[in-house]
């Protein structure tokens, strides 16, 4: 049987830039065997020794920040001014997980009783398969990799074909840090059949998937004939509601940033904006003013703020959503910006687009666009805004913008989403993509909350990463009931 050859196509110029060989089902069986053997040794390594190795790996990762950032820009197209901060943020997030690991993984003592010792221990589940996406590959990977290793599991990594070198770099870094052979392995594949075979392998004790809803459902189906946990972090159609009492100029800047950062290619990008009708026109004008300052272009140019989208297919989907909206009566209010009209002839460049007069019969308000589009819809009241925000198959994040913080908190309780924000957006905690934007100007030592869970409702996924709860899928509970003697 011929070996699959996987090509990485540059979003910058549409040319092949990398190729990797795939694997066979037999190769994956061997990988699973090695992972099982490594797990049975690594699980008994004291937590303090695991922490030492992981801490060393993070030091090595941080030292390679600039090299890895440039590599990332080449492969997925995010402007070079931002990619170094993904590495720095991944390190900071991992350091937090290290910091809390002693407390999170400690035994839970039972009720004291003379002559008995009773406690609950968190033990590792076994080999973990981590399938992760291209849009924030280092951040997505550490969400699962770090707690998995700290808990005592071995891991098998499957990267996106768009960013194949991430696993190779991480593998080499952990090897240099002293991680035993077999605790981390990886493979490349673009074949659903091959991926399904490893998901079905009984030696795999947990599957963590980040990607599209279709991809997540395929993984869940593949795992359905056996009892194995599957964690899914999928898509979003995240709404923002702008109340009439806001500082319009500052909120407009935040909304544009939340919608366009990474060319809108984030599961928690703002994809729907609801604005109180009393300030709608003024707010649209403020958004136009912000858009005039953006620069679409070569992501290797440090003055570029928006790069290409990931693929030709993605570009076509975004353009189809815009076309559908315009055909149904939406208006294009995108301001004049020379970089938006003089698009490069090669690559997957899509101009940011501001749409008004949108409604929920349009694809741009219901389907995940995953691109640089800002659709704005008028609303008459808080009640209407909340109803429309919840009118979605997705429920990842949502944001409410208001000077009345108490009212914002009250409205948050009505929103169906795993994370709700007031006067902030696209900002998972521990530090994530939102911090990436500010890292251009601020130090990576910026103090920020690092204790919230990342979880999707509805079709945005199931399971939890980040925070203390992000460790739970990587352990199973074992109760100890010990009597001091046999009398």
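The values are calculated or read from the model by the stated rules, or taken from the named source; none is laboratory data. This is a predicted model, so every value here is computed, not measured. Don't worry about glycine lacking a Cβ; one is built from the backbone with ideal geometry, like all the others, and counts go over all protein chains shown.
Per the listing 417, 351, the residue uniquely assigned by TED's automatic domain parsing to the domain that holds residue 297, assigned to a loop (DSSP other than H, G, I, E, B) and over 23 Å from residue 276 (Cα atoms) is 351. Take residue 317 and decide whether it is surrounded by 15 or more Cβ atoms within 10 Å (Cβ to Cβ) and modelled with pLDDT of 95 or more. Yes: the conditions hold for residue 317. Of the strands (runs of 3 or more DSSP E) lying entirely inside the range 67-179, those containing at least 1 residues that are in contact with a strand residue (DSSP E or B) (Cβ under 7 Å, 6 or more places away or on another chain) and without any contact (Cβ under 8 Å) to a residue 60 or more places away in the chain are 155-158. For the residues 285, 320, the requirement of being in the same structural domain as residue 421 (by TED's automatic domain parsing) and under 12 Å from residue 354 (Cα atoms) singles out 285. Within the range 337-354, can one find any residue that is in contact (Cβ under 8 Å) with a residue 12 or more places away in the chain and farther than 30 Å from residue 75 by Cβ? No, there is no match, as no residue in the range 337-354 is in contact (Cβ under 8 Å) with a residue 12 or more places away in the chain and farther than 30 Å from residue 75 by Cβ.
Can we say residue 89 is modelled with pLDDT under 95 and either farther than 30 Å from residue 484 by Cβ or in contact with a helix residue (DSSP H, G or I) (Cβ under 9 Å, 6 or more places away or on another chain) (or both)?
Numbers: modelled with pLDDT under 95: yes; either farther than 30 Å from residue 484 by Cβ or in contact with a helix residue (DSSP H, G or I) (Cβ under 9 Å, 6 or more places away or on another chain) (or both): yes.
Yes: the conditions hold for residue 89.
Restricting attention to the range 1-51, the residues that are in a loop (DSSP other than H, G, I, E, B) and more than 27 Å from the chain's Cα centre (by Cα) add up to 9.
Does residue 159 satisfy being surrounded by 24 or more Cβ atoms within 10 Å (Cβ to Cβ), at pLDDT 95 or above and within 21 Å of residue 61 (Cα to Cα)? Yes. The single condition from (1) in contact with a strand residue (DSSP E or B) (Cβ under 8 Å, 6 or more places away or on another chain); (2) surrounded by 22 or more Cβ atoms within 10 Å (Cβ to Cβ); (3) outside any strand (DSSP E or B) that residue 371 fails is (1).
Residues that are assigned by TED's automatic domain parsing to the domain that holds residue 163, surrounded by 14 or more Cβ atoms within 10 Å (Cβ to Cβ) and either in a loop (DSSP other than H, G, I, E, B) or in contact with a strand residue (DSSP E or B) (Cβ under 7 Å, 6 or more places away or on another chain) (or both) occur in the range 52-64; there is at least one.
Selection within the range 449-487: residues that are assigned to a loop (DSSP other than H, G, I, E, B) and over 28 Å from the mean Cα position of the chain (by Cα). The member of this set that is nearest to residue 146 (Cα to Cα) is 484.
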